[in-house]
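Have a look at the structure below before the remarks.
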Amino acid sequence: MGFLKRGQDTRQGARSVQISRWRRFVMFWANNAQQAIGSLGELARTPWASLMTIAVLGLSLTLPSTLYVVVKNSQAVSAEWDTAAEISLFLRKDLQTQELQGFRERVRLLEQVESITFVDRDSALREFRESSGFGSAIDYLQTNPLPDVLIVVPVPEHRSADRARQLLEQLEKEREVTSATLDLQWLERLQALVRVIENSFAGLGLLLCIAVVLIVGNTIRLAILNRRDEIMIMKLVGATDGYIQRPFLYTGFWYGVIGGVIAWIATTLLIWWISASVVRLTALYDSKFRLQGLDFNDMMVVWGIAIGLGLLGSWIAVRRHVAAIEPR
Amino acid sequence: MIRFEQVSKTYPGGFQALKKVSFALESGELAFLTGHSGAGKSTLLRLVALMERPSVGRVLINGHDLNKITRKQIPYLRRDIGMIFQDHRLLMDKTVFDNVALPLYIEGYTQAEAKKRVQAALDKVGLAGHERKFPIMLSGGEQQRVGIARAIVNKPPLLLADEPTGNLDPKLSLEIMSLFESFHQVGVSVLIATHDLALVARMRHRNLVLKDGHMIDDGLASGGYDPLTEEDY
């Protein structure tokens, strides 16, 4: 590798350092492992300063990952409500029993329909009288004002807002139907709300990730400037930029590794903290909802992101600052 | 080993440190580089180690034009040049052993593999047994010798020394100089910048003289064994 030794007569002293390619390769990885452990030791030597940066990284990631859990759960909830989509068909009052029978059969056989429930006008009135509290008022009515109602439950593939609406429009065109309703508006509103929350959380998460990169980058920058003299000396005796950069990159890596674990713990605690109140809330809605925490995959993703951000921050710092330090 | 061809160096701001300097140092040669402070001695050494680039002209080392060496190649060039500084440039938080082993670590040696070479280098400078001390526990002369051990540990064919005896008393200076002489005797090219003219006179080697950036004597015309005296500057 040497410039001066290349092609030089060996009799002129200065025995050249011969290292085979394979050895270089092995030594490269051995060096990496050594530097990785070395930079971990460096963290241990300044535990408070390191811990603060790591805590910032971990806690900054806690917010996006908690928000992610919230979004994930709200998606689960809205998915649950989504499947409750039912279409109510209000039928003409002048239909013959036979026509009614035929229509029910036709709807039942549609491929988009899973099941139908027929509520005839008399039983509807009875139910209304019992549950509405207008019991005696209804007794004054001469005729039953209610139509027959056919409640259609679509097959699961047709329960989304769009698909259910298509089915609704198709059924509405039927001769026997006066009007049809699908209680979709609240569902759409909920979905829109969930989307707003998702997007704002994603934006917030992105901002926090950028903040993490900047914080790690700044910490590494200070570490580099602190060791300015050492870096200069290393450059003087022939260290490549890569060799000098590696310990700092490993520092960023360790920040991510430990920061990720802190994010797990903090997220788990936070979810545990809010889960009690969420369960109480959902109990009021008659739902047996259980808050889902971070599963294994999520944890790996959080860890990966933490390590990625740590590396990115340190990479930005070393790229700028290690090259800028030139021996004087 | 070293060849300067019409080299000028102008620093940003217009200060011209070297003016059309030309000389050649043969392989295995030992030479002194003298001159008043600010004459350009350090600049000349820095050009050889690629800590600076010439403004005009070419510097060649072992036939390689340094102008053609890219930034990425510089570390590999420096591995073949042992450099010694007046202020030693040691890592104060590392042991003597780790300081000397640094060039070997950079080349990919492990601590165990470096051990033999580090001990040989420390032996050579007379510091055997001081491996575990920290530089701060050593005297100035000893620290300088740690710096020398670091410079020779990977057996470079060229040694550059910038005022290596600047802070040492005459007896220690002579010891250091005879160390350089011993490297020269095994074929290493050595270039020493110094202003210790008495010492240069005693050593009787080639002497290159710089004055205000001009090389007023390349040590060949005067026979090499008759350094200029103080009045000549």
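Each reported figure results from applying straightforward, stated rules to the coordinates on display, with no laboratory input. These numbers come from a predicted model, not from an experiment. Every residue, glycine among them, receives a Cβ derived from its backbone with ideal geometry; neighbour counts consider all protein chains shown.
Summary of computed values
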read-out: Computed FRET value (nearest 0.05) for A:Ile274 with A:Arg319, which takes r as the C-beta separation and R₀ as 45 Å; value: 0.65
read-out: Amide H contacts of B:Leu208 (H built 1.01 Å from N, under 5 Å, at least 5 apart or other chain); value: B:Phe32, B:Leu33, B:Thr34
read-out: Order of A:Trp264, A:Trp186 - criterion: other Cβ atoms within 10 Å of each residue's Cβ, fewest first; value: A:Trp186, A:Trp264
read-out: Three-way shape label, the range A:19-161, alpha-carbon gyration tensor, a/c 1.5; value: oblate
read-out: Residue order, fewest to most surrounding Cβ atoms within 10 angstrom, among A:Trp315, A:Trp272; value: A:Trp272, A:Trp315
read-out: Estimated dipole of the protein assembly as shown in Debye, rounded to 20 [Cβ of Lys and Arg +1, of Asp and Glu -1, Cα centre]; value: 2320
read-out: Inter-site label distance for B:Thr70 and B:Ile136 at 7 Å from Cα along Cβ, in nm; value: 4.2
read-out: Local net charge near A:Val216, Cβ-Cβ under 14 Å (Lys/Arg +1, Asp/Glu -1); value: +3
read-out: Cα gyration tensor category, rounded, prolate or oblate, for the range B:10-87 with a/c compared to 1.5; value: rounded
read-out: Residue with peak Gaussian network fluctuation, chain A [Cα springs, cutoff 10 Å], from A:Arg121, A:Arg21, A:Arg228; value: A:Arg21
read-out: Crossing angle, helix A:121-132 versus chain A [Cα axis fit, 0-90 degrees, rounded to tens]; value: 70
read-out: Theoretical FRET efficiency, 1/(1+(r/R0)^6), r = Cβ-Cβ of B:Arg204 and B:His36, R0 22 Å, to 0.05; value: 0.50
read-out: Residues of the range A:296-328 with amide N under 15 Å of a point placed 7 Å along Cα→Cβ from A:Asn218; value: A:313-314, A:317
read-out: P(r) histogram, all alpha-carbon pairs of the range B:2-217 included - 5 Å bins from 0, percent; value: 1, 7, 15, 19, 20, 16, 12, 7, 3, 0
read-out: Rounded to 10°, Cα long-axis angle of helix A:97-109 versus longest principal axis of chain A; value: 10
read-out: Test item: Cα-centred dipole of the range A:86-183, Lys/Arg +1 and Asp/Glu -1 on Cβ, debye; value: 120
read-out: Nearest 10 degrees, 0 to 90: helix A:21-45 Cα axis against chain A principal axis; value: 70
read-out: Mean separation of Cα contacts under 8 Å (6+ apart) over length of chain A, as relative contact order %; value: 28
read-out: Amide H contacts of A:Glu114 (H built 1.01 Å from N, under 5 Å, at least 5 apart or other chain); value: A:Val153, A:Val155
read-out: The range A:100-127-the range A:280-320 distance, computed between alpha-carbon centres (Å); value: 47
read-out: Whole-Hz couplings from phi, Karplus 6.51/-1.76/1.60, listed for the range B:192-203; x for Gly and Pro; value: 10, 8, 7, 10, 7, 5, 4, 5, 4, 5, 5, 6
read-out: Cβ-Cβ FRET estimate between A:Glu99 and A:Leu204, R0 fixed at 56 Å, reported to 0.05; value: 0.45
read-out: Virtual spin-label span in nm between A:Phe28 and B:Tyr11, 7 Å along Cα→Cβ; value: 3.9
read-out: Fully extended contour minus Cα-Cα distance, from A:Leu284 to A:Asn144, at 0.36 nm per residue; value: 46.9 nm
read-out: Potential extension, A:Leu190-A:Ser88 segment - 0.36 nm per residue separation minus Cα distance; value: 34.7 nm
read-out: Table column - 3J(HN,Hα) (Hz), the range B:51-62, Karplus curve with 6.51, -1.76, 1.60, x for Gly and Pro; value: 7, 9, 10, x, 6, 9, x, 10, 10, 10, 10, 6
read-out: Local net charge near B:Thr43, Cβ-Cβ under 14 Å (Lys/Arg +1, Asp/Glu -1); value: +4
read-out: Size of electric dipole in chain A: Cβ of Lys, Arg +1 and of Asp, Glu -1, about Cα centre, debye, nearest 20; value: 3060
read-out: Highest-MSF residue in chain B out of B:Leu91, B:Leu30, B:Leu18 [GNM, Cα springs under 10 Å]; value: B:Leu91
read-out: Choice from B:Thr95, B:Thr165, B:Thr194 showing the highest fluctuation, given a GNM over chain B with Cα pairs closer than 10 Å; value: B:Thr95
